[in-house]
Amino acid sequence: MGAKEEDGIHENILPPIEQEISDELNAKAKKYLRGVGADLKALQDKKLKGQLAVREEIYGKSAKAAAKIEKWLLPSEGGYLEAEGIEKTWRIKQESIAREVDILSSRNQYDIVLPELGPYTLDFTLSGRYMAAAGRKGHLAVVDMKNMNLVKEIQVREAVRDVVFLHNEHFFAAAQKKYPYIYNREGTELHCLKEHGAVLRLQFLRNHFLLASINKFGQLHYQDVTMGEMVGNFRTGFGRTDVMQGNPYNGVVALGHSGGTVTMWKPTSSAPLVKMLCHPGPVSALAFHPNGHLMATSGKEKKIKIWDLRKFEVLQSIPGHAKCLDFSQKGLLAVGNGSFVQILGDLSGSENYSRYMGHPMAKGYQIGKVQFRPYEDVLGIGHSTGWSSILIPGSGEPNFDSWVANPFESTKQRREKEVRSLLDKLPPETIMLNPSRIGTVRPARKKEKPTKQEREADMEAAIEDVKGIAMKKKTKGRNKSSKVAKKKQELVVKTKRPFLEQQLKEDQASAKKRQKLNEQVELPSSLQRFARKKTIT
């Protein structure tokens, strides 16, 4: 590093490489600045000027720190399909994408055909490293997606309706014919959860270590997998449903019902938090955006609706039917129906979804489940004859946080993460629609007006206290019993006065309010002759 001095100005001169990095960081820092800085020279107040100078310095430091994090800790950038001229992105086929990507990415395009054991459903771990696949005819398999190796497969010899990973890849739950079962990675049966009954769908809330299920009788169960305690057991009262999804933002579980309603539940309430009518017919699928503020629902009337959960309003209604829905980490929406998968994207950033990609499956395939693989541009598809995987550019988060989800974690890191997640486990009471309320101060309630009985009781208590006061003994002639009684009577009247005045004010206010209401009500012409006439003074 050198220094150069011209006309009394001392200037640092950086080497070319460092100067280039510094310029790049300055350009990135502008993106994180909070608009144009305050004009400090125009201010006359020295105290305000000093406060704003400190505030602007803090803003500048935070912007530089964010720029450094983006430069060094987020090196990868998400890719996406970009069309040229009149070309459309949804016309680009998987074969064209496979010719342009690297060998490692092209391995994520495959089609596993097992027609005797299907239809299949699947689930990925939080890091996207492992996948669990379950066939309706009893086939369970765990696959390492990094090496494309089969970790373990078992045959349970009864129907399997759903499968979900628990807190890591070593444990998964399968919803079988009569009860849900928990297995380890080696395929050993660990638990049989008979309290849940014949389960149709499973969801695991990772932050709370709760396994949620809905059975064929419409009963919703929450079970703590760390202690084995049944946290909640509710009868929904909306009949049988197999549409169930958990909100990753707040842990609320949503159910789609045959009447077109979507209900949202938490384990500490026997009544739904929200009951919203989304479709005129049965709800066939629903999904939550990773930010928790958007929800996509599909109905039998062939409409897909995007909802804003902060206002519970429809943002967009898209024509089309969906048997299954899923949002990616970057906000792409996968729609599966029949033998065709359509990808909708919010390309403009204005929460206005349009066609992004499409992929026709082989004729005869009936899609039952679509799910994006985390931290990869891959979509997993479970269908009637097996499962498939296709490439969706721009769907996955390109940079992973090793403290949250590490696809390359070692055994030691996995153990430490398991202990850390158990220590950070959230109680079921923290599940609510707005989790940002946790830790805030409850606003003071308005002072409620006392009732007539309470006011009379307070007045009687005050009168009794006054009557019990011992009067001072005074000089001869001034201590007569008549004078003492008169003094006590004056104290009683003085004590009653505030209560009576308060009651008089309330009566006058209610009379005025009643009079205003009477004046506002305009009688029809046929009844006006019966109205009370105002007295002229």
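Between the helical axis of 411-423 and the longest alpha-carbon principal axis of the chain there is an angle of about 20 degrees.
Solvent-accessible surface of the chain, taken per residue with a 1.4 Å probe and all protein chains present: 62 Å².
Find the percent of Cα-Cα distances in segment 66-178 that exceed 19 Å, and round it to a whole number. Counting pairs separated by more than 19 Å, the tail of P(r) holds 62 percent.
In units of the compact-protein estimate 2.2 N^0.38 Å, segment 336-494 shows a Cα radius of gyration of 2.53. Computed with a 1.4 Å probe on the full set of protein chains, the accessible area for residue 302 sits at about 130 Å².
Relative contact order of segment 177-239, taken over Cα pairs closer than 8 Å and 6 or more residues apart, is 20 percent.
Could you please report the charge total around residue 105, scoring K, R as +1 and D, E as -1 over all other residues with beta-carbon less than 9 angstrom from its beta-carbon? For residues surrounding residue 105, the net value is -2. Residues 465, 224, sorted by accessible area with the largest first, give 465, 224 [1.4 Å probe; ligands and nucleic acids excluded].
Over the C-alpha trace of the chain, radius of gyration and Dmax come out as 34.6, 119 angstrom.
Shape analysis of segment 153-209 places it in the oblate category; the axes a ≥ b ≥ c from the Cα gyration tensor give an a/c of at least 1.5, with a/b not above b/c. Electrostatic bookkeeping for residue 67 treats Lys and Arg as +1 and Asp and Glu as -1; over the other residues with beta carbon under 13 Å from its beta carbon, the sum is +4. For the chain, relative contact order (Cα pairs under 8 Å, six or more residues apart, normalised by length) works out to 10 percent. Treating each Cα of segment 166-289 as one equal point scatterer and applying the Debye formula with no solvent, the log10 of I(q)/I(0) at q = 0.11, 0.13, 0.16 Å⁻¹ comes out as -0.35, -0.49, -0.74. Protein heavy-atom surface of segment 17-121, 1.4 angstrom probe: 56% of the accessible area is carbon and sulfur, with nucleic acids and ligands not counted.
Using only the Cα atoms of segment 101-234, construct the convex hull and provide its projected area averaged over every direction, in square nanometres to one decimal.
Convex hull of Cα atoms, orientation-averaged projection: 8.6 nm².
For segment 309-410, what is the relative contact order in percent, using Cα pairs closer than 8 Å and at least 6 residues apart in sequence?
Once divided by the residue count of segment 309-410, the mean separation gives 21 percent.
In terms of the Cα gyration tensor, with a ≥ b ≥ c the square roots of its eigenvalues, is segment 326-416 rounded because a/c is under 1.5, prolate because a/b exceeds b/c, or oblate?
It is oblate, given that a/c is not under 1.5 and a/b is not larger than b/c.
In the assembled protein chains, residue 464 presents an accessible area of approximately 110 Å² (probe radius 1.4 Å).
The values are calculated or read from the model by the stated rules, or taken from the named source; none is laboratory data. Nothing here was measured: the structure is a model prediction, and the numbers come from that model. Quick reminder, even Gly has a Cβ in these numbers, built from the backbone with ideal geometry, and neighbours come from all protein chains shown. These area figures cover heavy atoms from the full protein model, side chains too; ligands, DNA and RNA do not enter into them. Shrake-Rupley method; radii C 1.70, N 1.55, O 1.52, S 1.80 Å.
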